[in-house]
1. Residues that are within 30 Å of Ile290 (Cα to Cα): find the helices (runs of 4 or more DSSP H) completely inside segment 321-435 holding 2 or more of those.
2. Where in segment 1-93 are the helices (runs of 4 or more DSSP H), entirely inside, with at least 1 residues that are of a type in the set (Asp, Glu) and farther than 30 Å from Thr321 by Cβ?
3. Among the residues of segment 374-407, write down those that are crowded, with 19+ Cβ neighbours inside 10 Å and touching a Ser or Thr at 6+ places or on another chain (Cβ under 7 Å).
4. For Lys73, which of the numbered conditions (1) in contact with a Pro (Cβ under 8 Å, 6 or more places away or on another chain); (2) open to solvent by 10 Å² or more (accessible area, probe 1.4 Å) fails to hold?
5. How many of the residues in segment 219-243 are in contact (Cβ under 8 Å) with a residue 24 or more places away in the chain and either touching a Gly at 6+ places or on another chain (Cβ under 8 Å) or among the aliphatic types (A, V, I, L, M) (or both)?
6. Among all residue pairs at least 6 apart or on different chains, which show Cβ distances below 8 Å where the first residue, located in segment 277-292, is over 21 Å from Glu247 (Cβ atoms) and the second is open to solvent by less than 40 Å² (accessible area, probe 1.4 Å) and not charged (D, E, K, R)?
7. Is it the case, given these coordinates, that Glu314 is within 16 Å of the ligand (Cβ to nearest atom) and more than 17 Å from the chain's Cα centre (by Cα)?
8. For Thr226, indicate whether it is modelled with pLDDT under 95 and open to solvent by less than 50 Å² (accessible area, probe 1.4 Å).
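The values are calculated or read from the model by the stated rules, or taken from the named source; none is laboratory data. Please read all numbers here as calculations on a predicted model, not as lab measurements. Heads up, the Cβs are rebuilt from the backbone with ideal geometry, glycines too, and the neighbour counts pull from every protein chain shown. Side chains are part of the model used for accessible areas, which takes the heavy atoms of the whole protein and leaves out ligands, DNA and RNA. Shrake-Rupley method; radii C 1.70, N 1.55, O 1.52, S 1.80 Å.
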Amino acid sequence: MKKKNHIPEIETRPQEEIRAYQDERLKEMLAYIAKHSTYYSRVFNNFGVDVGSIRGIDDLPLLPVTTKDELQKYNDEFICVPREKVIDMITTSGTLGDPVTFAMTDKDLDRLAYNEYLSLSCAGADERDTFQLMTTIDRRFMAGLAYFLGARKMGAGIIRVGNGMPELQWDTIRRLKPTAFIVVPSFLLKLIEFAEQNGIDYRNTGVGKAVCIGETLRKPDFSYTTLAKKILDKWDIELYSTYASTEMSTAFTECEHAVGGHQHPELIIVEFLDDNNQPVAEHEAGEVTITTLGVEGMPLLRFKTGDICYHYTEACQCGRTTTRLGPVIGRKKQMIKFKGTTLYPPALFDILENIEGIQNYVVEVYTNELGTDEIRIRVGSEQQGDDFAARMKDRFRAKLRVAPAIVFDSPENIEKIRFPEENRKAVNFIDMRKM
Ligand SMILES: [Zn+2]
C-alpha cells in the first residue's frame, strides 16, 4: 500500500482560513523583526510604520518592500541573532558584486528540514524512497543541505553523490538502487547520453521520479519545455518541478497534477506584484514577492525575488487548497517589450531549441533609435540563407506573434560569444539596452 503523502491540515483548509492563519503569523513576524532586525526597525522608523497597526496580509502594501540591493548593502543589519546562535552560514551571489551571507540558527535548520519534507511529499515521495542527490551539498549552498535534511525528516534514504560525474552516478544507481533523483534536469540528458554510450539499460533502473531544480520543465501554460520533452522522449520518468531560493528558504514544488508549485502557509507568505508594488489579479503575471514565516536568523519582509509568475488559487485535485505558483516566465530585469508584446528570454530559447538545424544561438536585446527594445538573434548554423531565416521567423510569429531579426554566423563564432573569457556557464542572453 502506498503511504499517503504528508499534507499538513492547514494546506487543505479553505483559502479564507489559510489567510486568517497567515494574518496572525505575519503579526508575529513583524513584531519579531521590529525588535531584532536593525535594518527593519530603522526602515519602519524612517517610513513612520507602526507595525502594531498592521492587521494582516491585506495591509502588506502599507509596508516597504525589500530588494536584493538592500540585502547586499545592509547584509549584517538583516541578521537578527547574535553570532553564537548561528549554526550554518550560506552565501548567495549578490547583485552588486559581493555575495550576500545568510545566517541560519538551529531552529532555522529545523524549519528548512520541515520545508523540504513537505516539498518532497508534494512530489509524492515517502519514507520508502531513497533519493540520489545529484546537487552540491557544500560550497556554501543551501539547496543540497535542505534536501538532505528533508529526506532525513521524511525518514527516506539519501545518497549524497553530488553534481556531475555520470560514471559515479550510474555506479551508485547500480549498487545502491535509489528510487528517486534530486537533479538539475539538463543533467538527466547527460546521464542518458552516458548510458547510451556505455550500454547501460537506463530504462530499467527502478528509479521512478526526479525532483528537478534550477531549470524550468514547464511553460506558463504548463506544457513541457523542450528540455523536459527531450528527457521524456528517451526516459519514462516522472519529473517534478520545484522552485526555491536561499532568500525564501522555502520550496514551491508541484504535485502529481503538475499545475504549479504548492505554497506552504506555515512557512511563507507570497504576493504577486506589479511595477508599483501593487498586487496583480489572478491570471496576470506578477513579481513573486515573499515574506518568510518562522525564520529566526534572517527573516525577510516583502522580498522581491525578481521572478515573474502567474498564480492560481482554485483548489488542486491533490487536496491542497493553497496558492500555486506557475512556472517562472522570466526575470523581471530581462523583460523585453518588443513591438507591443511583453516577453522574456526563456520563451525565445524554447522556440530556438525546437528548430532543427540550429547548432547554437545568442539572443541580443538592444535599444533602437526610437528608444524601444529590439531583438536580434545570432544563429550558429551550417544551414544559412533567407529561406531558413523566413521559416524561423514564421515559428516565432506563430508562438509569440512577433518575429525578431535573425543574423547567421558560424557555430564556432557563436560559441566564442557564448563563453566569454573564463565564464564556465554558457551565456544565451545579452542585454545591451540603455538603462
Ligand atoms: Zn496539488
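1. Once the helices (runs of 4 or more DSSP H) in segment 321-435 are filtered for at least 2 residues that are within 30 Å of Ile290 (Cα to Cα), what remains is 345-353.
2. 68-73, 75-78
3. Result: Gly380, single match.
4. It fails just one condition, (1).
5. Total meeting the criteria: 12.
6. Pairs found: Glu282/His311; Glu282/Tyr312; Glu284/Phe272.
7. Criteria met by Glu314.
8. yes
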